[in-house]
Each structure stands twice: as structure tokens, then as C-alpha cells.
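Below is one structure, written out as C-alpha cells, with a few remarks after it.
The values are calculated or read from the model by the stated rules, or taken from the named source; none is laboratory data. What you see is a predicted model, and the numbers here were worked out from it, not measured in a lab. We place every Cβ from the backbone using ideal geometry, glycine too, and count neighbours over all the protein chains shown.
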Amino acid sequence: MEPIKIALAKGRLADLSLEIFEQIGITFSSYYEKSRKLTFLSDDGQYELILVKAMDVGTYVENGAADMGVAGKDTLLEAGADVFELVDLGFGRCEFAVAGKPGTDLSDYQPLTIGTKYPKITNDYFQSQGRQVETIKLNGSVELAPLVGLSDVIVDIVETGNTLKENNLDVLETMLSISARLVVNKASFKTKGTSIRPVIDQVKAIIDNKGRVTDED
Amino acid sequence: MALNQPLPQGVTDLYAQEYELKQTIIDRLKQLYHHYGCQPIQTPTFEYYDLFMNIPGTMNDDQMIKLIDTDGKVLVLRPDATVPIARMASQAKSDMPLLNKMYYVTNIFRMESGESDRTSRSFSQVGVEWFDDGRELNDIEMVILAVDTLKQIEVSDIQLELGQAGFFRALMDEAQLDAETEALIQAKLEAKNEYELSDLLESLQVSDEVKQALLRLPHLFGEANHVLKDAKSVAINDQMAKALDQLTGLVEHLTELGYADYISIDLGLVNHLNYYTGVMFQGYVEGYGKPVIQGGRYDQLMTYFNLESSAIGFGVYIDDLLRIVKQQQTLQLEEPNQAVILTNHTTTKEAFSLAQSLRQNQIVTSIAYEDDVVDESSIIIDIVSKTVNINGDKQPFETIDQVLTKVGITYGTD
């Protein structure tokens, strides 16, 4: 049997996910943070961990290059990934928000220009409200955009709000809250159901036990 | 220096072995559908935009590739195979039920502007459509034909997943929600996103009974008999029970016919619901991340063409099958006997007449000049020096009949 491939993005989500997998007996002792290897076989040889960029987890799973994965809801929405989103893991919880200089009134701008790493989520959100916006795709340090006049406001993930505060920006509107999700390829879930379903059920049991609202932070 | 002429996104050239393999797949399927009594049909590559827009919910407007006609009317490149065939059937449906079973081999065009692979904007689909009276007999036959489609090209680890559009439809009728909310619920179900579905239902005015049933749906999939048993308690009205009975009947017949191993059930299968009205199915091959067959019974579509008919059909994604066939290496291309005749200006006549004889005997034959470079693995017949070279074994010959004998063709027998 081919091992079940699990796509994770290095970092906090991977660490918390691996903790859960460990609780249900799936361990990757060959994996350690600093390793430059990108694939690891589980100790029982039945699962293979593959490390990808956070934005790519959905893509790997949607195309079946990985059977399942853990991805932030933000990346799933942005990529529009067509996958089964089976478990809300509860961790990695944060908010999508519109932020800008204090006192900014969104309706003053026609059209509103928005700097963001997430143009699709931004467009979908404002379009669903019938508001016309222009998005400028940025790859980082989004907070800078309104300060130097590149955009009127920004749309970004807000966890603690510290970065905004230090740059004298306020949350103007909260959009949606997100968290980490266990996703599964639609075909794999059907064709490899006997191996995948028990994993899902066990993860679900752990999460439901813990309660969905708890976060490790 | 060659000019660099790039291809547009999402399309590709196909040649040599890859194209031959694709044609082999298509040929095999055509043969299968022919034996099932389907008639080949073809619809135009482009049609009026209005044809597709008048049918709500089937096609995404943004995904159609549009052209403007000289009179200003908008045309679209065939964005879907079934709608044009339904249009055609409404104009030419026969009173003889068996004549209304058709198959097609066609290209579908979609405007995908994001990242795209080489077949995302133009891909090949083979499929079957049957305009019938909705009888169970035909449901059985079409499900079997879908499974046989995958068997016909010898891929292994195949699975056909069955759903029932009527089951979810009847549940939604019970809930009485507006179309927008229904679409939201459908999207959550499509992703089997139980958590967000539960949050969504909390915010809605829906009876607990419906809520519980909806939350059970993402779990109702897997081994057929098991799911059907589980689903009984979810059927909260007569319509749901009826839909379930239909599916149960179908599964019983399929089991009887030895197809139990190939089928499974997913009652949470709710995509394309504004299209399908009865049994739905999706074909999967283990190790391939996308469905390769999609189909089901659709009655609603026909009413747009004022046609009193039910219909059932499915489409097969040939480009995906081609990838699977290459992955699993199931179909091997036959390597036919090949011969090359070497000639010069004085022996052209002999060369051509020998070539004709060989070709009539199913030997792939080419003609070249003596000093051309030729494939050493073919049978090389030098008509100038009168020698035949088969696998490096060079022998002289006198007459054309002798050549034919040497390359394995004997006259008079058979």
C-alpha cells in the first residue's frame, strides 16, 4: 500500500498538527524543525509527511498530490481550493480585518484602494456587499501601504493587533474569523476511505473533546 | 532561427505516442458505446450565448469563451456538451425510444484565467446521453456503462460513487429556505464542512428535525448497503424515503449483476444540483485526485426546450483518463510491422507498386531514397540492389513475390 500523504506547512500549524497526529499514534520521529528534508515517513510507514508552503497546502490536496493536509482557512479561501474541509481544528484562530489610519471612513473613497496579500478574499468580501474596490497585491509588510499612500486601507489577518498598533493603524471593520482546517482530497477520501476515515474520526474525537473554542495562545 | 510562437494558456499540441494513446482510448470507448446501441452525434463548435444563459445555474457566465457575430449577436465556444445535445434532441427526438441514445466525442472550451494546465481551456470529453422516460432499467444500464467505460480502457482500482439528487431536494423542500441560503448550505455540504454547516444552521430558522438530517448528510457515504441502512432514519418525509427506495433498488440490481465492488454511495453529493434530478454518479480511479466521470439523471433541463422527456447521461474526461492510462501503463500501443523501400529515380515505379502490395497486407510502408537515413529496426527493402534487410540479416531477392514471402506474407493460403 502507498502511504497516505499529509501536507503541512512548516511552523506553528505543523507543530500543533503533529501533536494531534501523535495523540492518535501517528508519529514522525525522523522529523525535526531544522531539517531541510521535505518528506518524512511515519514510524509505522503508513503515512508520509510532506512539507509545503502554507499557501500551497490547498493546491497539493486539491490535485491529489497529497491525500490530506492542514491549512489555514485564509489560504483555502484565497486559493479557492476545491477540497473536503472536514475538521475545524480550532487552533490558528485569527480575524480578517480592514485596517487603516485612525478615523478613516471607508465610504469616503470612491473607489477604495486596498493593499493586501489576499486579493481574492478582499474582492469576494466587498463584492458580496456590492462595494467596488481596487486591490493591490502585496507580498508582505502590508501595514506600510496606507502610511506611504500606496493604498487607502489594508486587508490582513489580525492576531494580536500589535503590528497594527505600532504602525498607528486601527481595525476599521472585521471581516471573518479563520482557523486551521483538516482538508482531504475529494477523490482520495472516496478511493482510500478505509485508511483515511479512521484518521479523520480520531482527530475529530480529540477536537470535539477539547471543545472548539480553546486556542493554545 | 525559428520564430518563437507561444501557445495561449490552457491549450496544447498533441502528437506522436501521446496522441495515438488518446485516440486509442477514444476508439475503445466508441466501440463500447456502439455495442450499447448509442448513435454518434455532433453539435456545432459554437452556438448562441443565449442558449446557455436561458438555462439558469448550469454554466458559469465568466467561464464561457465568447465571440461576436457579424450581426452583433454573442456566440460562445461549446462550454458544455449536454445543453447543445438537449437542444438538438428537442428538435429531432424520435418516437422510437432506443434511437434516442447518443454518444459524442467533443472538445469543451472554458475560460480559465487563473493558473492553468495544458488542457484547462480546451479539453476532450466523450459521453453518452439518453432521452428516455425515466425508467429504472435505463438507470441500471447507464451506471453499468459508466463502470464499463473505465474497464474498457483497463484501468484498475476504479470506483463509481452514486448519489440521489431527489434525497437532498426533498429535504430542502421541507426546510423552505430562499435560494441564496440553500446555495450556502449546498456549498458547506459539498466541502463536507460539518463545522461551518452547523454554525450556519444555528443562525437559521429551521426545525431541529431538518437540522439533524442536514448534519447527518456529510456522514452518509461509503459502502452502499451500510449507507442505505443509515440513511433510513434521515429520511424525514415521503419524498426522501422514495428517493432512498429508488437508490436501494438500483444498488440491489447492480449487486445482482456483479457490480457491487465498483460502487459506493454518497448522499452528501450535492454538486450540480440545479441540474440533476435523480440518480447521480462520479467515477474515480485510485491515485488520481479528480473525478473522471460525471453524470446522472436530469429532467429539468428538457423543460427549457419544451420537451416532455427525462434524460440520463454522463461525460468522461478523456485528458484525465489519458494521464491515468500513462500512469498505470494499462494500454500499450501496438508496434506494427514497418517496412522502408529504398529506391532511386529509375525504380520509382517498382517501389510504388511494391509499397501498395505491402500496405494492402497491413504493413506500414514508407518509400525513401537510397542514401536517406532510415530506422534500422524496420524491414529495409532496397529495390535498387534487390536486397531485403530484416533485423540486420541481409538477403537478396529476385521478384516482388519473394519479398512478400520474406517479410512474412504468403499468397494463396488463408
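Looking at the structure I just gave you, is B:LEU29 part of a strand (DSSP E or B), at pLDDT 95 or above and touching a strand residue (DSSP E or B) at 6+ places or on another chain (Cβ under 7 Å)? Spelling it out, it is not the case that B:LEU29 is part of a strand (DSSP E or B), at pLDDT 95 or above and touching a strand residue (DSSP E or B) at 6+ places or on another chain (Cβ under 7 Å). In the range A:1-52, the residue that is nearest to the other protein chains (Cβ to nearest Cβ) out of those that are over 24 Å from A:ILE178 (Cα atoms) and β-branched (Val, Ile, Thr) is A:ILE4.
Here are some residues: B:LEU250, B:LEU267. Which one is of a type outside the set (Phe, Trp, Tyr) and modelled with pLDDT under 95?
B:LEU267 is the lone residue from the list that is of a type outside the set (Phe, Trp, Tyr) and modelled with pLDDT under 95.
Taken together, B:LEU162, B:LEU189 contain a single residue that is under 18 Å from A:LYS190 (Cα atoms) and touching a Gly at 6+ places or on another chain (Cβ under 8 Å), which is B:LEU189. Condition check for B:ASN306 on (1) on the phi < 0 side of the Ramachandran plot; (2) over 17 Å from the mean Cα position of the chain (by Cα): one failure, at (1). All conditions in (1) under 22 Å from B:TYR284 (Cβ atoms); (2) away from chain A (no Cβ under 14 Å) hold for B:GLY134, with the sole exception of (1).
Could you look through the range B:133-159, keep only residues that are within 19 Å of A:LYS186 (Cβ to Cβ) and not in a helix (DSSP H, G or I), and pick out the one that is farthest from the chain's Cα centre (by Cα)? The residue in question is B:ASP157.
Only a single criterion out of (1) under 24 Å from the mean Cα position of the chain (by Cα); (2) within 14 Å of another protein chain (Cβ to nearest Cβ) is not satisfied by B:ALA183, namely (1).
With respect to (1) in contact with an Asp or Glu (Cβ under 8 Å, 6 or more places away or on another chain); (2) away from every other protein chain (no Cβ under 14 Å), the lone exception for B:ASP148 is condition (1).
Being assigned to a helix (DSSP H, G or I), within 14 Å of another protein chain (Cβ to nearest Cβ) and over 23 Å from A:ALA180 (Cβ atoms), is that true of even one residue in the range A:79-96? Looking for residues that are assigned to a helix (DSSP H, G or I), within 14 Å of another protein chain (Cβ to nearest Cβ) and over 23 Å from A:ALA180 (Cβ atoms), one finds none in the range A:79-96, hence no.
Within the set B:PHE352, B:PHE397, the sole residue that is in contact with a helix residue (DSSP H, G or I) (Cβ under 7 Å, 6 or more places away or on another chain) and surrounded by 10 or more Cβ atoms within 10 Å (Cβ to Cβ) turns out to be B:PHE397. Give the residue that is farthest from A:SER188 (Cα to Cα), with candidates limited to residues of the range B:286-315 that are within 14 Å of another protein chain (Cβ to nearest Cβ) and in a loop (DSSP other than H, G, I, E, B). Filtering the range B:286-315 for residues that are within 14 Å of another protein chain (Cβ to nearest Cβ) and in a loop (DSSP other than H, G, I, E, B), the one farthest from A:SER188 (Cα to Cα) comes out as B:VAL292.
Checking the range B:125-141 against the condition returns no match, with no residue being more than 30 Å from B:ASN306 (Cβ to Cβ) and in contact (Cβ under 8 Å) with a residue 60 or more places away in the chain. Can you spot a residue in the range A:178-187 that is among the charged types (D, E, K, R), within 11 Å of chain B (Cβ to nearest Cβ) and surrounded by 19 or more Cβ atoms within 10 Å (Cβ to Cβ)? Yes: one or more hits.
Condition first: more than 20 Å from B:ASP199 (Cβ to Cβ) and more than 14 Å from the chain's Cα centre (by Cα). Now tell me which residues in the range A:69-87 satisfy that. A:ASP82, the sole residue that qualifies. In the range B:212-230, what residues are among the small types (Gly, Ala, Ser) and either over 24 Å from B:TYR259 (Cβ atoms) or away from every other protein chain (no Cβ under 13 Å) (or both)? Once the filter is applied, which keeps residues that are among the small types (Gly, Ala, Ser) and either over 24 Å from B:TYR259 (Cβ atoms) or away from every other protein chain (no Cβ under 13 Å) (or both), the range B:212-230 yields only B:ALA213.
Do we have any residue at all in the range B:162-170 that's within 22 Å of B:LEU244 (Cβ to Cβ) and within 14 Å of another protein chain (Cβ to nearest Cβ)? Yes, some residue in the range B:162-170 is within 22 Å of B:LEU244 (Cβ to Cβ) and within 14 Å of another protein chain (Cβ to nearest Cβ). Taken together, B:GLY268, B:GLY283 contain a single residue that is in contact with a Leu (Cβ under 6 Å, 6 or more places away or on another chain), assigned to a loop (DSSP other than H, G, I, E, B) and within 14 Å of chain A (Cβ to nearest Cβ), which is B:GLY268.
Results for (1) surrounded by 11 or more Cβ atoms within 10 Å (Cβ to Cβ); (2) over 30 Å from B:GLU334 (Cβ atoms); (3) touching a Pro at 6+ places or on another chain (Cβ under 8 Å), shown as yes or no for each residue.
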position: B:PRO6; (1), (2), (3): no, yes, no
position: B:LEU14; (1), (2), (3): yes, no, no
position: B:LEU21; (1), (2), (3): yes, no, no
position: B:CYS38; (1), (2), (3): yes, no, no
position: B:ILE41; (1), (2), (3): yes, no, no
position: B:ASP50; (1), (2), (3): yes, yes, no
position: B:ASP61; (1), (2), (3): yes, yes, no
position: B:MET64; (1), (2), (3): yes, yes, yes
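Listed by first and then second residue, the pairs with beta-carbon distance under 6 Å, at least 6 apart or on different chains, first residue in the range B:37-55 and without any contact (Cβ under 8 Å) to a residue 60 or more places away in the chain, second surrounded by fewer than 17 Cβ atoms within 10 Å (Cβ to Cβ), are B:TYR49/B:VAL74. Inspection of the range A:62-85 identifies at least one residue that is hydrophobic (A, V, I, L, M, F, W, C) and at pLDDT below 90. Selection of the range B:186-211 for residues being more than 23 Å from B:GLN246 (Cβ to Cβ), surrounded by 15 or more Cβ atoms within 10 Å (Cβ to Cβ) and away from chain A (no Cβ under 13 Å) yields B:LEU201, B:VAL206, B:LYS211.
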